[in-house]
Amino acid sequence: MSGRDLPQPAQRSLLKGLELAFAVAGAPLAWLTQINVVYPLTATPCFPGPDRNLAFPQHAQWAFVLAIAAYLVLLALALSATILACRLYKRFSAGRDTSADHFEGSGIGRMRFLAFCGILLGAGFTGFILLNAFSLIVVPPCAI
């Protein structure tokens, strides 16, 4: 194996930064996508003109099926961001029982804090996505 095959420190640092960015922002972005894409997808057939339909039109059932599929994808994205944040938090917390001198200047404390924020954001926004999916299934789409 040559030296060119091994990841360079800058590449590893970039990959670690991208992992941390996804762990923190993945679930909120999934929720924003749900609000800005899925909600209008299911609401558009209810408002074909100036008056609102009281029932979801039969010709627009594809929108409901597509919304459920989008919820599943977005839920998987939010869960994966949360799981990654948990793993990063454990990785950054390794060796924390010893003296904190080796953390100084390394940025490990900041990364551990961001990973913890990713856990909180991921759990919260995953819950929001689940609640919105539940409301879509339980409440008729044109009644929301």
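Laboratory data are not the source of any read-out in this text; all were calculated from the coordinates shown. These numbers were taken from a predicted model, which means no experiment stands behind them. Neighbour counts are summed over all protein chains in view; Cβ atoms, including those assigned to glycine, are modelled from backbone coordinates with ideal geometry.
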- the range 39-48 - phi-based ³J(HN,Hα) in whole Hz, Karplus 6.51/-1.76/1.60, Gly and Pro as x: 4, x, 4, 7, 8, 4, x, 7, 10, x
- Item | Hz values of 3J(HN,Hα) by residue in the range 131-137 - Karplus curve (6.51, -1.76, 1.60), Gly and Pro given as x | 5, 5, 5, 4, 5, 5, 6
- Item | the range 55-96: trypsin sites (Lys or Arg not before Pro) falling in loop per DSSP and having at most 15 other Cβ within 10 Å | ARG96
- Residue by residue through the range 63-73, the couplings from Karplus 6.51 cos²θ - 1.76 cosθ + 1.60 with θ = phi - 60°, in Hz, x for Gly and Pro, are 5, 5, 5, 5, 5, 5, 5, 5, 4, 5, 5
- Message: Taking the number of other C-beta atoms within 10 Å as the exposure measure, put VAL38, VAL65 in order starting with the fewest.
- Response: VAL65, VAL38
- Counting only residues 5 or more apart in sequence or on a different chain, those whose built amide H sits under 5 Å from that of PHE56 are CYS142
